[in-house]
Amino acid sequence: MGQAYRWNARSEQETAQFAGRLAALAGPGTVLALDGDLGAGKTRFAQAFAAGLGVSEVVNSPTFTIIKEYETGRLPFYHMDVYRLSTEEADELGLEEYFEGDGVSLVEWASLIEPLLPEERLRIRIATTGPVSRRFDCMPVGEKYESWCRELGMEPAAEEEA
Ligand SMILES: Nc1ncnc2c1ncn2[C@@H]1O[C@H](COP(=O)(O)OP(=O)(O)OP(=O)(O)O)[C@@H](O)[C@H]1O
Ligand SMILES: [Mg+2]
């Protein structure tokens, strides 16, 4: 495992700022693999990330739709929530077409489908540290995502499971 990084948000607005800065770096084939407990803020982060891409539609939690595509931003945005899926069901969705496509994929509960994820991805675990504060433990896999973390001035953290 590579270097882990950490970002602390003291408010929902700081979460949105962080998501927006990541969105500015995103390109075709970007994959963000999000984890964190119920209510940690995965969807909230995704909404701000989508806004950062310039998505003009309302971004809702895709818990029931599983995959939602938004085409109004700078890049297509593929928002997925695999919480309710078995690995087998997820396998049948053909997710690799999204991951390898021209857009940006953001997966909530990504670790549930770990074997289906591309090798290169930015793993982000969101932890609730207070009523409105969150910690983002980021584990970049691949040189591109490592440089993102450095570029954003993220704090290097001890190597722990992100
Ligand atoms: N700093 C913060 N960052 C993100 N969300 C915050 C923050 N502070 C408070 N919140 C609140 O936490 C909640 C996060 O809910 P959200 O639906 O994004 O969680 P989730 O991780 O997607 O949950 P689920 O696993 O059910 O999909 C929202 O109500 C949001 O307003
Ligand atoms: Mg959610």
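The values are calculated or read from the model by the stated rules, or taken from the named source; none is laboratory data. The structure displayed is predicted, hence computed values, not measured ones. Reconstructed Cβ throughout: ideal geometry from the backbone, glycine too, with neighbour counts over all protein chains shown.
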Name the single residue that is surrounded by the fewest Cβ atoms within 10 Å (Cβ to Cβ) among those in segment 10-31 being away from ligand 1 (no atom under 13 Å from the Cβ) and hydrophobic (A, V, I, L, M, F, W, C).
Ala24
Just need a number here: residues in segment 79-88 that are surrounded by fewer than 23 Cβ atoms within 10 Å (Cβ to Cβ) and under 15 Å from the mean Cα position of the chain (by Cα).
1
With (1) within 16 Å of ligand 2 (Cβ to nearest atom); (2) on the phi > 0 side of the Ramachandran plot as the list, and Thr15 as the residue in question, which single condition is left unmet?
(2)
Is segment 53-65 home to any residue that is part of a helix (DSSP H, G or I) and either surrounded by fewer than 18 Cβ atoms within 10 Å (Cβ to Cβ) or away from ligand 2 (no atom under 13 Å from the Cβ) (or both)?
yes
Tabulated pairs, segment 1-24, first farther than 16 Å from Lys42 by Cα and at pLDDT below 95, second surrounded by fewer than 23 Cβ atoms within 10 Å (Cβ to Cβ) and not acidic (Asp, Glu), C-beta under 6 angstrom, 6+ apart or interchain
Gln3/Pro156
Going by what's in this entry, would Ala4 be described as under 17 Å from Glu120 (Cβ atoms), out of contact with any Phe, Trp or Tyr (no Cβ under 7 Å at 6 or more places or on another chain) and away from ligand 1 (no atom under 16 Å from the Cβ)?
yes
Looking only at residues in segment 40-67 that are away from ligand 1 (no atom under 14 Å from the Cβ) and in contact with a Gly (Cβ under 8 Å, 6 or more places away or on another chain), which one is nearest to Ala127 (Cα to Cα)?
Gly52
Sort through Asp102, Asp37 and tell me the only one that's of a type outside the set (S, T, N, Q), away from ligand 1 (no atom under 12 Å from the Cβ), surrounded by fewer than 22 Cβ atoms within 10 Å (Cβ to Cβ) and part of a loop (DSSP other than H, G, I, E, B).
Asp102
Take segment 68-94 and flag every residue that is outside any loop (DSSP other than H, G, I, E, B) and either modelled with pLDDT of 95 or more or within 12 Å of ligand 2 (Cβ to nearest atom) (or both).
Lys68, Glu69, Tyr70, Phe77, Tyr78, His79, Met80, Asp81
